[in-house]
Amino acid sequence: MGVNEILTRLTNVFRSVFGNSELTLSRATNAQDVQGWDSLMHINLIVAIEREFRIRFTTREIAGFRDVGDLMDSIVRKISATG
């Protein structure tokens, strides 16, 4: 799975979780860039991403995510390790 496909799938998850069909992501997108991205929505988002990609993040990984780029890098590593 390529980076572009991951970004497309992530964008769809973000749009669904935040109820915003116009939401656009980049590697630099972070919580300050997305209206409504608070701690509760963060949990909902992580769960939705884990379901979408059939992966699990550790608490340490989640705490280390600074932006969508960090999230994407983690997804790539996890998919590469299982595939």
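Quick note: the coordinates plus some simple rules give every number you see, no bench work behind them. This structure is a prediction, so every number in the text was calculated from the model and none was measured. Glycine gets a Cβ as well: all are built from the backbone with ideal geometry, and neighbour counts include every protein chain shown.
In this structure, does SER74 turn out to be surrounded by 10 or more Cβ atoms within 10 Å (Cβ to Cβ), small (Gly, Ala, Ser), outside any loop (DSSP other than H, G, I, E, B) and under 13 Å from the mean Cα position of the chain (by Cα)? Answer is yes for this residue.
How about the range 44-61: which of its residues are hydrophobic (A, V, I, L, M, F, W, C) and surrounded by fewer than 15 Cβ atoms within 10 Å (Cβ to Cβ)? Answer for the range 44-61, where residues must be hydrophobic (A, V, I, L, M, F, W, C) and surrounded by fewer than 15 Cβ atoms within 10 Å (Cβ to Cβ): just VAL47.
Only residues that are assigned to a helix (DSSP H, G or I) and over 18 Å from ARG15 (Cα atoms) were counted in the range 51-71, giving 7. Once the range 8-38 is narrowed to residues that are in contact with a Gly (Cβ under 7 Å, 6 or more places away or on another chain) and of a type outside the set (Lys, Arg), the residue that is surrounded by the most Cβ atoms within 10 Å (Cβ to Cβ) is PHE18. All conditions but one from (1) in a helix (DSSP H, G or I); (2) within 11 Å of the chain's Cα centre (by Cα); (3) surrounded by 14 or more Cβ atoms within 10 Å (Cβ to Cβ); (4) not hydroxyl-bearing (Ser, Thr, Tyr) apply to ILE79; the one that does not is (2).
Within the range 24-50, residues that are part of a helix (DSSP H, G or I) reach partners that are of a type in the set (Gly, Ala, Ser) with beta carbons closer than 8 Å, at six or more positions or on different chains, in the pairs HIS42/ALA31; ALA48/SER16.
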